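Data first, discussion second: the structure below is written as structure tokens.
Throughout, read-outs are computed from the coordinates displayed, never taken from laboratory work. Quick caveat: nothing in here was measured; it's all calculated off a predicted structure. Here the Cβ is made from the backbone with ideal geometry for all residues, glycine too, and neighbour counts use every protein chain on show.
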Amino acid sequence: MSLFVEQALNGVQLGVTLFLLAAGLTLIFGIMGVINLAHGSLYMIGAYAMAAVAAKTGSFLLAAPAGLAAAALAGVAMEFLVVRRLYARDHLDQVLATFGLILFFNQAITILFGRQPLFVQIPPFLDGSVAIFEGVRYPFYRLVIIAVGLVTAIGLYLLIARTRLGMLIRAGATNRDMVRALGVDIRALYTILFGVGAMLAGLAGVMAGPILSVQVGMGEQVLILTFVVVVIGGVGSVRGAFLGALLVGVVDTMLRAFLPGVLRQVMSGPDADALAGGLSAMGVYLLMALVLLVKPKGLAPAHG
Amino acid sequence: MAPVVTGQAASARRNLWLGALVAALAALPFLADLAGQPAMTSLATRIVILAIAAASLNLALGYGGLVSFGHAAWYGIGGYVVGVLYRHYVSGDPFLGLSVGTDQLLVTLPLAALVSGLFAAVFGALALRTSGVQFIMITLAFAQMIFFFFVALKAYGGDDGLIVRRRNSLPFLDTRDAATFYWVCLTLAVGWFAFMGRLVRSRFGAVLAGVRQSERRMAAIGVRTYPYKLAAFVISGMGAGLAGALMANHARFVSPDMMHWTQSGELMIMVILGGAGTLLGPAAGAAVLILLETQLAALTEHWQIVLGPLLVLMILFTRGGLSGLARLVRGGRDG
């Protein structure tokens, strides 16, 4: 039972991390019509900036904002230099140009930090574990991740539903040309939005840093999972991204945790582990196929 | 009558050029020997094989407008067909109760295309329920799933892949000879390009172009577009599988790396670089990308830091890849 609760929380923790990435990706697509493969690179940049500052200063409180700032800056620069010119292009051009950006960022990071993964300590004031209920303890840091993720989700909801900026975002998602015709500086709006998306990706990278190893390629692994989330949730829908992220996070974690045990009932140990490893890696993609069969537009489509 | 005659003359001139191109390509191993660089033959074999894969992707992507970001999966499956059959040929173990092992190229190549086509049919049928950006994401995700499947497939090497100790054999020919194998690949490539050329000029190709331009209009004039898209996707997957099978023979090795998502990206780059929706474009794209990669890799270990921005610049400032670049240099206006 305690194992189940622990794994469920791990799933939620992976889910909120995926949500931070998927929210940015889906907003950027929904409003600007750009598919940005380099979104995962922003996650990587956030994690690396955090790890570098933490190694230099030893302070997580300095490192975390540094990671956010680096990701946001990289995002704004990316929008200004490259992505801005892709709005009017078709998806194919967007995919290839941002694929080129991935090659560039991955090599740049390799040159700066080498191929060895970096490890970051969990800051002391967030370390340790807490009793959730009788006999079940859970790492405090992971609870903090869940809390930060949920607070960000609520903040994002309020931003989109209650503020003027959010109104423009929603209007832009519904009819881009009309918003421009009404005299809104759509370029500035796009840059801000891209920066916000980048910062969310950076936040995910910063928080994942201490529990994963920070390495080149971490961005693409999580990017492809994020695509699954976006497709399951419905492209362009933040609500869908939230639902999809939690679903993918929990399903993926549960399969990895419990499938080997289940299979070991019917076959020998090593075989079961290998098969379970493969099946659980494929699990979320099968989930996606299933959702597509039932609802081709995703669980919570944005509009239309 | 006059336009028909000029049409025939133009077509005859084009055929002459194509014949000269093929003859030059066929002479390449001799030239490589003369130049004292036998490694060129192996490099050219790689280019010819990848040109088949890129031309296949071009059918779906360039002519059909189906932006598949997962073609490395079909390419890799084709490779695995060769690897698995060779493995059973060597060990003599039956596969699902059938003794299927073989090292005959005449068997492995069609089988590779068939198996890749089957997989492409199953996953394509699902993925084609969507379109646009979802289709891109879904093909990528499915390819990733197949990648993980082969990583976990410990019975066939898992992460480490399979070694094909000897190239599959052909009657009367020694495929272990680099030049012979190059000619085999070149012959298949010429055949495949001719097939692609016939296909895109057929009624099927016309419908496919219509789907790319406006699917709604095609539906309005009474064409069920889904079967056409699926057929294009499957043929495209079969060609990629054929290329994968040849590559497994050429490299004498298959591993999940063949299906890595960056391989899908590279195939797309080849198509765009050469010009999507043109018959010979993908071949030119494959040649340029592979040569660029080998040249840059010889200069620096971090060649991707050059290739990435080059790619971005190419997409931003030229439309239609190399032909767009030529237009830009001549100072012409973007078409």
Loop sites in the stretch B:175-261: trypsin sites (Lys or Arg not before Pro), DSSP, at most 13 other Cβ within 10 Å = B:176, B:224
Taking amide H positions as placed 1.01 Å from N in the peptide plane, with prolines and chain starts having none, which residues 5 or more places from residue B:104, or on another chain, fall under 5 Å of its amide H?
-> B:169
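Over every pair of different alpha-carbon atoms in chain A, take the mean of 1/r and invert it; report that Kirkwood radius in Å.
20.1
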With the contact rule set at Cα under 8 Å and sequence spacing of 6 or more, what percent relative contact order holds for chain B?
-> 31
How many partner chain Cβ atoms sit within 10 Å of a residue's Cβ in peptide B:261-268, on average, as a whole number?
-> 3
Enter the mean number of other protein chain beta carbons within 10 Å of the beta carbon of each residue in A:273-279, as an integer.
-> 4
Please report, in debye to the nearest 20, how large the charge dipole of chain B is about its Cα centre when each Lys and Arg carries +1 at its beta carbon and each Asp and Glu carries -1 there.
-> 1220
³J(HN,Hα), Karplus 6.51/-1.76/1.60, whole Hz, each residue of the stretch B:133-144, x for Gly, Pro | 5, 5, 4, 4, 5, 6, 5, 4, 5, 5, 4, 5
Relative contact order computed over the stretch B:72-214 (Cα-Cα under 8 Å; 6+ residues apart), in percent = 21
Would you mind working out the magnitude of the charge dipole of the stretch A:92-236 relative to its Cα centre, with +1 at each Lys and Arg C-beta and -1 at each Asp and Glu C-beta, to the nearest 20 Debye?
-> 300
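Hey, what's the Kirkwood Rh for the stretch A:184-225 if you take every pair of different alpha carbons, in angstrom?
It works out to 11.9 Å.
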Cα to Cα, under 13 Å, and not fewer than 8 places away if on the same chain: which aspartates and glutamates meet these conditions relative to residue B:229?
-> B:215
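What does the average come to when, for each residue of peptide A:84-92, you count the partner chain Cβ atoms lying within 10 Å of its Cβ?
Mean shielding by partner chains, rounded to a whole number: 3.
Find the all-direction average of the projected area of the Cα convex hull for the protein assembly as shown, expressing the result in square nanometres with one decimal place.
The number I arrive at for the protein assembly as shown is 33.9 nm².
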Anyone know which of A:146, A:154, A:169 comes out most mobile in the 10 Å Cα GNM of chain A?
-> A:154
Using Cα pairs under 8 angstrom and six or more residues apart, how large is the relative contact order of the stretch A:2-215, in percent?
-> 42
Give or take rounding to whole Å, what are the principal axis extents of the alpha carbon atoms in chain B, in descending order?
-> 62, 53, 47
Charge-dipole axis of the stretch A:2-215 as Lys and Arg at +1 and Asp and Glu at -1 on Cβ define it, positive-most pick from A:3, A:139, A:106 | A:106
222 nm [θ] for chain A, helices only, -39500 (n - 2.57) per DSSP H run of 4+, per residue, to 500?
-> -26000 deg cm²/dmol
For chain B, with the dipole built from +1 on Lys and Arg beta-carbon atoms and -1 on Asp and Glu ones, taken about the Cα centre, which of B:66, B:306, B:39 lies farthest toward the positive end?
-> B:66
Could you work out how far apart the two model spin labels at residue A:178 and residue B:156 are, taking each label as a point 7 Å from the Cα in the direction of the beta carbon, and quote it in nm?
-> 5.3
Mind putting a number on the dipole of the stretch A:2-215 about its Cα centre? Charges go on the C-beta only, +1 for Lys and Arg and -1 for Asp and Glu, and I need it in Debye to the nearest 20.
-> 400
Given the alpha-carbon gyration tensor of the stretch A:76-205, what are the semi-axes of its equivalent ellipsoid in whole angstrom, ordered largest first, with each equal to the square root of 5 times an eigenvalue?
-> 35, 25, 11
